[in-house]
Amino acid sequence: MDEKKPGKIPNWKSDFPIDKKKATHVSRREFAKYLGLFSGTLALGNGAIVIKSLYFPEEELKGEHFVCNQADVPVGEMFQFEIEGTAVVPYILIHLEDNEWRAFEQKCTHLACAVRYRADIDKIECPCHKGYFNPRTGDVLQGPPPRPLPQLAVVVKEGQIYVKAKDQEKFI
Ligand code: FES
């Protein structure tokens, strides 16, 4: 009950005195230790990604996959889709102005942000770090992405759009 009186130091504080300055001070050695730990964790993560891509490559896409009807995507528009039965990678289908179709993985090759087609500048944009890709080839035009966007071949059959692995047939 005495603890509630103003100005009186509670018992527990006098039993366990804490020097606030000491408690919040981080020495250079501690800082270096945490920095080393953080860098080591990042390096391990990167190593795991490299090992996964070397020893467990993603399976090649097999066969043709229906995406949508041609009429569903007007010229200049983008359509996002996934392919059932494959690792969940979102893709984008782009209906270019000259009535050509392109399909790419939607994951930016820099840090995997979702890219989008911008008809006003006729480029694929990654909004995270302003990376830009060519909407016809997937090549990097500007910014930090290190590789082109992986592309799928587009097949148009009787008003329907299908995609398949790009090297199975020349894209439209
Ligand atoms: S994640 Fe796309 S530019 Fe960085």
Exercise for the section: Within the stretch 140-172, track down each residue that is without any contact (Cβ under 8 Å) to a residue 60 or more places away in the chain and in a loop (DSSP other than H, G, I, E, B). Expected result: Gly143, Pro144, Pro145, Pro146, Arg147, Pro148, Leu149, Pro150, Glu158, Glu169, Lys170
Practice task
Would you mention how many residues in the stretch 97-127 are more than 13 Å from the ligand (Cβ to nearest atom) and either loosely packed, with under 13 Cβ neighbours inside 10 Å or at positive phi (or both)?
Solution key: 6
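Conditions (1) at pLDDT 95 or above; (2) buried (at least 16 other Cβ atoms within 10 Å of the Cβ), marked per residue:
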{"position": "Arg136", "(1), (2)": "yes, no"}
{"position": "Asp139", "(1), (2)": "yes, no"}
{"position": "Glu158", "(1), (2)": "no, no"}
{"position": "Ile161", "(1), (2)": "yes, yes"}
{"position": "Lys164", "(1), (2)": "no, yes"}
Problem - Output for the stretch 74-104, where each listed residue is assigned to a loop (DSSP other than H, G, I, E, B) and either more than 20 Å from the chain's Cα centre (by Cα) or not assigned by TED's automatic domain parsing to the domain that holds Glu125 (or both) - result: Pro74, Val75, Gly76, Glu77, Gly85, Leu96, Glu97, Asp98, Asn99, Glu100
Practice task
Return the residue satisfying two criteria in turn: it lies in the stretch 82-96 and is surrounded by 13 or more Cβ atoms within 10 Å (Cβ to Cβ) and without any contact (Cβ under 8 Å) to a residue 24 or more places away in the chain, and of such residues it is farthest from the ligand (Cβ to nearest atom).
Solution key: His95
Problem - Hits in the stretch 128-139 (condition: more than 8 Å from the ligand (Cβ to nearest atom), out of contact with any Phe, Trp or Tyr (no Cβ under 6 Å at 6 or more places or on another chain) and free of Cβ contacts under 8 Å to residues at least 40 places away in the same chain) - result: Tyr132, Phe133, Asn134, Thr137, Asp139
Problem - Near pairs, Cβ below 8 angstrom, 6+ apart or cross-chain, from the stretch 97-118 (in contact (Cβ under 8 Å) with a residue 12 or more places away in the chain) to any residue that is more than 12 Å from the ligand (Cβ to nearest atom) and basic (Lys, Arg) - result: Glu100/Arg136; Arg102/Arg136; Tyr117/Lys123
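The values are calculated or read from the model by the stated rules, or taken from the named source; none is laboratory data. Since this is a predicted model, take the numbers as computed values, not measurements. Here the Cβ is made from the backbone with ideal geometry for all residues, glycine too, and neighbour counts use every protein chain on show.
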